[in-house]
1. If you check Ala230 against the conditions, is it hydrophobic (A, V, I, L, M, F, W, C) and buried (at least 18 other Cβ atoms within 10 Å of the Cβ)?
2. Only one of Arg99, Arg103 is under 12 Å from the mean Cα position of the chain (by Cα), under 20 Å from Val242 (Cα atoms) and surrounded by 17 or more Cβ atoms within 10 Å (Cβ to Cβ). Can you tell me which?
3. Among the listed residues Pro200, Pro177, Pro145, identify the single one that is without any contact (Cβ under 8 Å) to a residue 40 or more places away in the chain, surrounded by 13 or more Cβ atoms within 10 Å (Cβ to Cβ), at negative phi and not assigned by TED's automatic domain parsing to the domain that holds Asp18.
4. What number goes with the only condition from (1) in a loop (DSSP other than H, G, I, E, B); (2) closer than 14 Å to Ile21 by Cα that Ser79 does not pass?
5. Name every residue in the stretch 172-188 that is small (Gly, Ala, Ser) and in contact with a helix residue (DSSP H, G or I) (Cβ under 9 Å, 6 or more places away or on another chain), in order of residue number.
6. Just to be sure, is Ile117 in contact (Cβ under 8 Å) with a residue 24 or more places away in the chain, touching a Pro at 6+ places or on another chain (Cβ under 7 Å), part of a strand (DSSP E or B) and within 25 Å of Ser208 (Cβ to Cβ)?
7. With the structure loaded, tell me whether Val14 is within 30 Å of Gly64 (Cα to Cα), part of a loop (DSSP other than H, G, I, E, B) and within 22 Å of the chain's Cα centre (by Cα) or whether it fails that test.
8. Does any residue of the stretch 18-26 turn out to be polar (S, T, N, Q), touching a helix residue (DSSP H, G or I) at 6+ places or on another chain (Cβ under 6 Å) and modelled with pLDDT of 95 or more?
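The values are calculated or read from the model by the stated rules, or taken from the named source; none is laboratory data. Predicted model, so just to flag it, every value in this text is computed and none were measured. Here the Cβ positions follow ideal geometry from the backbone for every residue, glycine too, while neighbour counts run over all protein chains shown.
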Amino acid sequence: MPTTPLVEFRVADVPTQDIVITIQGPDVGLLEPNAPADVEDPDLVMPDLIELFAHAARLGMWSGGASEPTESSAEVLASHHDPGQRKQTWHLRLNQVDRGGLRILYNLLTARTLDAISIRTESQAGPEPRRVPVLDRPPARFPDPLKSFPFQIDYAKPERSKDRVVHIVFSSQLDEPQTDQSYAALETWTNLLLLGAYPPPELSPRESGAVPDLAFLLDPWTIEQAFTEAFLCDEAAFFAIVNWAYRFHSTGVPIKRIVIM
């Protein structure tokens, strides 16, 4: 039975800042950059969690309701692995990341088998430090979507934890690079779900997850991402893919409608 890690959480309640994340424990050795080539069970190897979080931020997934997804980003400034101490440290720069994104970050780490987790602000944006509220625990809510979108959103919440479907309907036929970019964004999103980013209220991050089908072109204008076997995630998980769709739409790939059911 996994033990509960010792958690330090001291993060400024601002959308733009540099934070330091340190984890220690068994799962540090299972992060993809750290895992040995002869790892006993390759299925246990996971992507670099903070690089994954930062990439999702660059896709606009953590922008929230206050800023447009095109303004949101994150960058890993430095990363250090200490195999002797089973410790990993990242320096992460956040730019216009909704406070709910800190909840995602916390969930990704607490879903792992670790002894200690530290997430703390290193510095804030601006020439002089500002007095701002400091969070000593992760926010209760997930990142919000924008209040309005340039495309239609059809949403129906079924009372089931499987057979969920997302259709992204584009205004015109996708070319190959646009299709590949869409698949890559959906892969990032489904990896986050698999790793416990969006647990529903009744489950812990470790207990949550999803089993995604392979995304495919339903027709020349529509990409389908389905979860026929399991979708044990909060409904707020769909906000991330809607926020990404806004950003993608803004790059000149018009989206007509998103259907979530």
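1. Values: hydrophobic (A, V, I, L, M, F, W, C): yes; buried (at least 18 other Cβ atoms within 10 Å of the Cβ): no.
Against the criterion (hydrophobic (A, V, I, L, M, F, W, C) and buried (at least 18 other Cβ atoms within 10 Å of the Cβ)), Ala230 does not qualify.
2. Working: Arg99 fails: under 12 Å from the mean Cα position of the chain (by Cα).
Result: Arg103 is the single residue among Arg99, Arg103 that is under 12 Å from the mean Cα position of the chain (by Cα), under 20 Å from Val242 (Cα atoms) and surrounded by 17 or more Cβ atoms within 10 Å (Cβ to Cβ).
3. Details: Pro177 fails: surrounded by 13 or more Cβ atoms within 10 Å (Cβ to Cβ); Pro145 fails: without any contact (Cβ under 8 Å) to a residue 40 or more places away in the chain.
On inspection, the qualifying residue turns out to be Pro200.
4. (1)
5. Of the residues in the stretch 172-188, the ones small (Gly, Ala, Ser) are 172, 182, 184-185.
The answer is Ser182, Ala185.
6. Numbers: in contact (Cβ under 8 Å) with a residue 24 or more places away in the chain: yes; touching a Pro at 6+ places or on another chain (Cβ under 7 Å): yes; part of a strand (DSSP E or B): yes; within 25 Å of Ser208 (Cβ to Cβ): yes.
Considered against the rule, which asks whether it is in contact (Cβ under 8 Å) with a residue 24 or more places away in the chain, touching a Pro at 6+ places or on another chain (Cβ under 7 Å), part of a strand (DSSP E or B) and within 25 Å of Ser208 (Cβ to Cβ), Ile117 comes out as yes.
7. Details: within 30 Å of Gly64 (Cα to Cα): yes; part of a loop (DSSP other than H, G, I, E, B): yes; within 22 Å of the chain's Cα centre (by Cα): yes.
Yes: the conditions hold for Val14.
8. Our first condition is that a residue be polar (S, T, N, Q); within the stretch 18-26, this holds for 22, 24.
Keeping just the survivors that are touching a helix residue (DSSP H, G or I) at 6+ places or on another chain (Cβ under 6 Å) gives none.
Looking for residues that are polar (S, T, N, Q), touching a helix residue (DSSP H, G or I) at 6+ places or on another chain (Cβ under 6 Å) and modelled with pLDDT of 95 or more, one finds none in the stretch 18-26, hence no.
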